[in-house]
Amino acid sequence: MTESTTARRARLDGLCDRISSAGSKNDLIDAIDDALGVAPPEGDPVLIESLGKRYRGQADNAMKVHDRTDAVSRKGLPDVWAGDTSVLASDAVDATARAAEQMAEALRGGGNALITFSDCLEAAQKKDSGGRTKLRDARAQLGDKDGFFDDWHEDDGEEAARKAARSLATTGVDELLTAASDADDAARQCARDLNKYASEARAGKMGTDELSAVDRIALADTANVGGDPELNEILSANDLERSGRAMENMTPADRARMEKLLADAATPQEKAYLMKALASGYSVDEVAEFGGKIHGKDEVWLREHLAPVSTNSATGQEQQTFGGKLWDQDGATCVPSSTVTARAMVDPVYALELTGGPDGQDNSDEHFRERLTDEQMRMHEEGDGSNSGWWWDRHPSGMDSDGQVEISDKELSPHTGDSYESHDMNSADDRRDVLTDVEESVAEGKPVPINIEGEENGDWVGHGMMIVGQEGDMLQIYNPWGTTTWVSEDDFINGDLSAATDDRFSKDNNGDVNRVYIDQD
């Protein structure tokens, strides 16, 4: 079985200590031999670089498509309809131009990521080779192992020879560790970027011939108003794939009904939310009922009622509200509260039940707050959450890991297709190991529950949140106090998410990210 890159780093880190502190010739020989037995950074930099250059070349072709399409858009098109679901030709051309630009960006970004990784891998392999040369030289200086009695005593000359070899071996194993760390970090960064670019190359995600290419491109391009379109796309990569599959599996009659619902939609946003409901697992009958509640609503109404998280910037912290009320927790219900909001992010039918009530038309933020609290309490009971206080004044006081898995599987899995398992993270290496899976999941549009802990007045406190987005080396954290905050990968790896919470969860107060819930391969 191939050793993981994290395990390789950890083993070399331990060997650095063993070699630098070796107090006998035989101990030093054993440690050097063990270090030489650690596999070097793997991969073919030349092949990786050639793939990167090929991707970059394809990006130029995609930009030619963009330029030609953009030129057509600027000429002024008549108000004619295209596609199966009545997309304005002008909107279709604009969406095609943006799709080509996104494809070019993905190909160029992916190519650059591979070339950067190739350069880092080549440098790491050279450093590793130099370190191995030093270790072999140190091993040669030591000669054969001492016998049982020889190892009892070391004269001045033998001690000097051992220390000289140990110094050389210490430098060598340090270079192996640096090489392994550099290659590991570069590979993870490359994987993160490739996953993100793959999710952003959206036009081909809806793998169905039941809608025209025009329809698929237009749906993938639709975003909520009021923020950066790329940060507020209505249909995630996962939504596009699931809705396309649902269209493929429909009866002809249901497919015709769905296409008519889409064609009758008043805005591109309304159309996208109908497809998001389909992606969430609802039948055509249920989508039609949902469609009746949102039909004719303007883009601002749709965003306010169906998007619990809106993003205006890829930095800083933002409050998430409906009317004057936050999407926040009631009492000690951080886990169910995070899950309620996460489900509302992936399930627009559920989101409307919370914001608009049974008929979808209730705009009262007070009523929203009542419904939100009721749902948080329902999920608290569903996950067998603990309570404190007297029987006449009971209130939630937390939920264990089993309960969190249970409500994630019941409330999120049907609408994302993902499954949830609890993974303890006891070190930076553990968090580094899971980070690529986390980033891949949220890039596809599937929120990831996490738990953190810290200290307050000498007592341990815990808190549940959701990772809901990723841009570059930043993660977007939803805190059920009603905010989303961008934090760095390094903060996540180091276990300090106090920027998204408060000082109780800082490293000064032993803050830690100690558990994640994800289907980790």
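Scan the stretch 466-484 residue by residue and report those that are more than 18 Å from Thr436 (Cβ to Cβ) and either open to solvent by 10 Å² or more (accessible area, probe 1.4 Å) or assigned to a helix (DSSP H, G or I) (or both).
Trp481, Thr483
Select, from Thr339, Thr311, the only residue that is closer than 23 Å to Ala443 by Cβ, β-branched (Val, Ile, Thr) and in a helix (DSSP H, G or I).
Working: Thr311 fails: in a helix (DSSP H, G or I).
Exactly one residue qualifies, and that residue is Thr339.
Tally the residues that are assigned to a loop (DSSP other than H, G, I, E, B) and either modelled with pLDDT of 95 or more or hydroxyl-bearing (Ser, Thr, Tyr) (or both), restricting the search to the stretch 485-521.
Within the stretch 485-521, the subset assigned to a loop (DSSP other than H, G, I, E, B) is 495-497, 501-502, 506, 510-511, 518-521.
Remaining after also requiring either modelled with pLDDT of 95 or more or hydroxyl-bearing (Ser, Thr, Tyr) (or both): 501, 506.
Total satisfying the criteria: 2.
Do any residues in the stretch 340-358 that are small (Gly, Ala, Ser) have Cβ atoms under 6 Å from those of residues that are open to solvent by 10 Å² or more (accessible area, probe 1.4 Å) and part of a loop (DSSP other than H, G, I, E, B), where the two are at least six apart or on different chains, and which pairs are they?
Here the result reads Gly356/Asp362, each pair linking the stretch 340-358 to a residue that is open to solvent by 10 Å² or more (accessible area, probe 1.4 Å) and part of a loop (DSSP other than H, G, I, E, B).
Taking Glu286 as meeting all but one of (1) closer than 21 Å to Gln476 by Cβ; (2) open to solvent by 40 Å² or more (accessible area, probe 1.4 Å); (3) at pLDDT 95 or above, write down the number of the exception.
(1)
Look at Glu270 and say whether it is closer than 21 Å to Ala307 by Cα, within 30 Å of the chain's Cα centre (by Cα), at pLDDT 95 or above and in a helix (DSSP H, G or I).
It is true that Glu270 is closer than 21 Å to Ala307 by Cα, within 30 Å of the chain's Cα centre (by Cα), at pLDDT 95 or above and in a helix (DSSP H, G or I).
For the stretch 264-318, what are the residues that are of a type in the set (Phe, Trp, Tyr) and either out of contact with any Pro (no Cβ under 6 Å at 6 or more places or on another chain) or free of Cβ contacts under 8 Å to residues at least 24 places away in the same chain (or both)?
Of the stretch 264-318, the ones of a type in the set (Phe, Trp, Tyr) are 273, 282, 290, 301.
Those that are of a type in the set (Phe, Trp, Tyr) and either out of contact with any Pro (no Cβ under 6 Å at 6 or more places or on another chain) or free of Cβ contacts under 8 Å to residues at least 24 places away in the same chain (or both): Tyr282, Phe290, Trp301.
Go through (1) touching a His at 6+ places or on another chain (Cβ under 9 Å); (2) over 30 Å from Ala187 (Cα atoms); (3) among the acidic types (Asp, Glu) and name the single condition Asp430 misses.
Of (1) touching a His at 6+ places or on another chain (Cβ under 9 Å); (2) over 30 Å from Ala187 (Cα atoms); (3) among the acidic types (Asp, Glu), only one is false for Asp430: (2).
Considering only the stretch 148-169, I want to know if a residue exists there that is modelled with pLDDT of 85 or more, among the polar types (S, T, N, Q) and either open to solvent by less than 40 Å² (accessible area, probe 1.4 Å) or within 17 Å of the chain's Cα centre (by Cα) (or both). Break it down stepwise before answering.
Of the stretch 148-169, the ones modelled with pLDDT of 85 or more are 160-169.
Next, only the ones that are among the polar types (S, T, N, Q) stay: 167.
Still in the running and either open to solvent by less than 40 Å² (accessible area, probe 1.4 Å) or within 17 Å of the chain's Cα centre (by Cα) (or both): none.
Within the stretch 148-169, not a single residue is modelled with pLDDT of 85 or more, among the polar types (S, T, N, Q) and either open to solvent by less than 40 Å² (accessible area, probe 1.4 Å) or within 17 Å of the chain's Cα centre (by Cα) (or both).
Scan the stretch 436-475 residue by residue and report those that are within 14 Å of Cys334 (Cα to Cα) and of a type in the set (Asp, Glu).
Glu453
The values are calculated or read from the model by the stated rules, or taken from the named source; none is laboratory data. Being a predicted model, the structure only gives us computed values, none of them experimental. Ideal geometry is used to build each Cβ from the backbone, glycine not excepted, and the neighbour counts take in all protein chains shown. These area figures cover heavy atoms from the full protein model, side chains too; ligands, DNA and RNA do not enter into them. Shrake-Rupley method; radii C 1.70, N 1.55, O 1.52, S 1.80 Å.
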